[in-house]
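The values are calculated or read from the model by the stated rules, or taken from the named source; none is laboratory data. Here the structure is a predicted model, which means the values were calculated and not measured. Positions of Cβ are generated from backbone atoms using ideal geometry, with glycine treated the same way; all protein chains shown enter the neighbour counts. SASA here: full protein model, heavy atoms, side chains in, ligands and nucleic acids out. Shrake-Rupley method; radii C 1.70, N 1.55, O 1.52, S 1.80 Å.
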Amino acid sequence: MASRGSASEKKNAFELGRKHFLSKSALGSVLEEVAAHGLPDARSRHSIKRSRDRDLNEETPHGPLLRTVMVETSTQKAKLVFVNPAALLQRAAGTDSDFSQHLHARLTCPATDTGWTIVVYSDEVSPGNVLRHVNHRKIQALYWTLLELGPASMGTEQHWFLLGVMRSEIVKQLPGGMSRYFKEALNQFRQAPSVDHGWQLCFQRPSGTEHVFLKARVGAFIADEAALKEVLDFKGASGTVLCPLCANVVQASSRLSEHDPSLQPHTSLDMASWKRHSDESVRRCIVRLSEQCEEMPKTRFKRLEQAAGFNFNPNGILNDAEFLAFFRPISTLTFDFMHCYLVNGIWHLEFSMLLRKLKAHGIPPGELHDYAQQFSWPEHISSRGVSGKNMLAKLAGDCDVKSSASEALSFYGVVRLFLFDKAWEGLLDACKNEVSTYVALAKVLDLFIQARTGSISPVTLHTAIKHHQQLSQTTYGAEHWLPKYHYSMHIPEALQRYKTVLSCFVQERRHRHVKRYAQAQTNTMQGFEEYVTRETVSSQLHHLQHDKFKLTPALDKPQRAGPATIAFVRQWLRHDESIEELWTSSAATYGAGKHCSVGDVVTLLTGTETITGQIQLLCSTGFRLLCGVQLWTARGSHRWTPEEAIMLCDLTRVQSTHVWACDKDESRVVL
């Protein structure tokens, strides 16, 4: 017998990773890879680093994967590390992967060969302890993707490519701050060959090597209000002119519109009276500020900036005429509905005011909380803990609602159904205006969800947003009117331009990949940015090469079916010889980025009729994907009665999953 601790003694799995922390899922994944591929030769951290660097340092037809730019700051020379976008896309395209096949299919599609649109996103990420007095690991992160890859691809985290990361404290020291950093990042698209002249991408196809040309422009810039303000140097809510897209919309509290009929308060819903800014008009505004910068006393100049709605930044984007020929900030600026409505936004404000009204009339928030506990959410929501069903559990007396954007998006429909039930009972007669306003708000959120796939027209969306805001002003007045109300009125224009509603949900999820490495690096001295960039890009290339990208329905982790399931399916299909083997799963994707599981309540499209039911079975015969659904009969008022029979149909007929509740012989569904 080998002595204790000898090399020949096998360790129990639970003993591995005790010296350094490693999660059980990470340890299990590593052990599976070792079992499948054997132990690598490189085992020390230095050897692993050298192996990673050899892979990332491979030259591409578009140059190295990483680039550095040296910039003088007020105290030192700063080394900015960026990812070469052409080289990264070439590395992703040159693999035999689902992403490469999807990119090739989109590039060779006649409908998308007229020039593509680059979408750029910027945000500040806070790794480590967010409550720490000075967080040296707080970083600015930039991502980009291609609009023509489609909504499903843009909804996939790893299809947002890292452009650069930089510690916020260094960015603040740059001449021009975040605006300068953003400009240096976008200059990576201008390096030879410039993306507006075109990149030649090399694909490995079954028939051999194939070269495809990609020509694109930076056509969309999306971020939260704070990031937009830092990059474009507009004042926002702190300025007299609060919207960078409108030249004559001023803060209602300034009361300037009462003295000048050409000005409009930001509470105005008459878009025809808004004078729109263009890239040229903003440029003229910045030129005027630059002319007055040295002439005026500082106090007067600050008032001029306040009136203009822009800060003068000599090293910023708006003061660089040559750069503005490449990047048109006003034409590309996009407000996103997530931050306008769901991040301390319009939904939270109006839901809080609604709760106060209900409480004043004998319906406390606890009653809504208890109501929500009876509901079940689709598995892909409940498994992530973002149903929001407990957001009212510890609500303070002022009814000020706090939640994440995902929780708000999952919960708003339950609130609407609660109001319908109370109205049916005749308990909301004193709150009719507040209820009508909330229902109109929920309708707007419904349309945003549908508009992601381009199924909603900009006119329909604009009409719903304006209708809700009219009701809100009638019900609550305009004293609470956030700038986000005004910004949201511009979202239908973005839908018109891009044929989809851009939002920041996926980018916020993308942050966790950057945080993973930023949190592991406690030394924030020289080399921090390069380490985080190298690790993040290495991880992304691995995911792009190996991850499945499912645009068509598919089972998740299928297993062979048992005899009873096979017999049931054969009985339904009535041709036994066609089923040689049957596979089942507890979950599946029924469309691009759409997930369903056994137990979920779904709507199905059968011909021209839409029916509702609960999934009992997900299976594949090898040539057909099927779902077994227990049908529910509609009784009105969002009530259904489950039937005993189970219908087998193609998985492609599933349209959407829903929140539901079951009480004795009756079920409720949030549509």
Given the condition outside any loop (DSSP other than H, G, I, E, B), at pLDDT 95 or above, surrounded by fewer than 20 Cβ atoms within 10 Å (Cβ to Cβ) and out of contact with any strand residue (DSSP E or B) (no Cβ under 6 Å at 6 or more places or on another chain), answer yes or no: does some residue in region 184-200 qualify? yes
Do you know which residues across region 453-470 are of a type outside the set (A, V, I, L, M, F, W, C) and buried (at least 20 other Cβ atoms within 10 Å of the Cβ)? HIS468, GLN469
Could you tell me whether LYS466 is modelled with pLDDT of 95 or more and either within 23 Å of PRO244 (Cα to Cα) or small (Gly, Ala, Ser) (or both)? yes
For region 593-629, which residues satisfy the criterion of being in a loop (DSSP other than H, G, I, E, B) and touching a strand residue (DSSP E or B) at 6+ places or on another chain (Cβ under 6 Å)? VAL598, ASP600
Could you run through region 537-592 and say how many residues are assigned to a helix (DSSP H, G or I), within 30 Å of LEU65 (Cβ to Cβ) and touching a residue at least 24 places away in the same chain (Cβ under 8 Å)? 9
Of (1) small (Gly, Ala, Ser); (2) at pLDDT below 90; (3) in contact with a Leu (Cβ under 7 Å, 6 or more places away or on another chain), GLY128 fails just (3)
Collect the residues in region 463-486 that are outside any loop (DSSP other than H, G, I, E, B) and touching a residue at least 60 places away in the same chain (Cβ under 8 Å), keeping them in residue-number order. LYS466, GLN469, GLN470, SER472, GLN473, TYR476, PRO483, LYS484, TYR485, HIS486
Restricting to region 387-399, what's the tally of residues that are closer than 16 Å to ASN344 by Cα and surrounded by 13 or more Cβ atoms within 10 Å (Cβ to Cβ)? 5
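Residue-by-condition table, conditions (1) farther than 14 Å from SER597 by Cα; (2) open to solvent by less than 50 Å² (accessible area, probe 1.4 Å); (3) among the acidic types (Asp, Glu):
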| residue | (1), (2), (3) |
| --- | --- |
| VAL629 | no, yes, no |
| TRP632 | yes, yes, no |
| TRP640 | yes, yes, no |
| GLU644 | yes, no, yes |
| CYS649 | yes, yes, no |
| SER656 | no, yes, no |
| ASP663 | yes, no, yes |
| SER667 | yes, yes, no |
| VAL670 | yes, yes, no |
Output for region 47-71, where each listed residue is under 28 Å from LYS183 (Cβ atoms), open to solvent by less than 30 Å² (accessible area, probe 1.4 Å) and in contact (Cβ under 8 Å) with a residue 40 or more places away in the chain: LEU56, HIS62, GLY63, LEU65, VAL71
Could you pull out the residue among SER383, SER436 that is polar (S, T, N, Q) and modelled with pLDDT under 95? SER383
Residues within region 1-46 that are modelled with pLDDT of 75 or more, surrounded by 10 or more Cβ atoms within 10 Å (Cβ to Cβ) and either of a type outside the set (Gly, Ala, Ser) or within 34 Å of the chain's Cα centre (by Cα) (or both), tallied: 12
Scope region 238-266; condition over 28 Å from the mean Cα position of the chain (by Cα) and closer than 19 Å to GLN469 by Cα; matching residues: VAL249, VAL250, GLN251, ALA252, SER253, GLN264, PRO265
Selection count, region 625-645, where residues are out of contact with any Leu (no Cβ under 6 Å at 6 or more places or on another chain) and without any contact (Cβ under 8 Å) to a residue 60 or more places away in the chain: 14
Quick one: how many residues across region 523-548 are open to solvent by 20 Å² or more (accessible area, probe 1.4 Å), farther than 17 Å from THR156 by Cα and of a type outside the set (S, T, N, Q)? 6
Out of the residues in region 549-588 meeting the condition of being farther than 18 Å from GLN616 by Cβ and under 29 Å from the mean Cα position of the chain (by Cα), tell me which one is most open to solvent (accessible area, probe 1.4 Å). LYS557
Just a yes or no: is a residue in region 284-299 under 29 Å from the mean Cα position of the chain (by Cα) and within 29 Å of PRO492 (Cα to Cα)? no
Hey, among the residues in region 363-379 that are in contact (Cβ under 8 Å) with a residue 40 or more places away in the chain and open to solvent by less than 60 Å² (accessible area, probe 1.4 Å), which one's nearest to ALA588 (Cα to Cα)? PRO378
Is it the case that some residue within region 135-153 is within 23 Å of HIS339 (Cα to Cα), open to solvent by less than 10 Å² (accessible area, probe 1.4 Å), in contact with a Gly (Cβ under 6 Å, 6 or more places away or on another chain) and not in a helix (DSSP H, G or I)? yes
Residues located in region 450-463, provided they are under 14 Å from ASP270 (Cα atoms) and of a type outside the set (S, T, N, Q): HIS462
Given the conditions (1) touching a residue at least 24 places away in the same chain (Cβ under 8 Å); (2) surrounded by 12 or more Cβ atoms within 10 Å (Cβ to Cβ); (3) more than 27 Å from LEU162 (Cα to Cα), report the number of the one that THR75 does not fulfil. (2)
For region 598-624, what are the residues that are free of Cβ contacts under 8 Å to residues at least 12 places away in the same chain and either open to solvent by less than 70 Å² (accessible area, probe 1.4 Å) or under 28 Å from the mean Cα position of the chain (by Cα) (or both)? GLY607
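For region 511-519, indicate whether the set of residues that are basic (Lys, Arg) and touching a strand residue (DSSP E or B) at 6+ places or on another chain (Cβ under 8 Å) is non-empty.
yes
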Which one of MET353, MET338 is touching a residue at least 40 places away in the same chain (Cβ under 8 Å) and under 24 Å from ARG497 (Cβ atoms)? MET338
Of (1) touching a Lys or Arg at 6+ places or on another chain (Cβ under 8 Å); (2) not in a helix (DSSP H, G or I), ILE456 satisfies all except one. Which? (1)
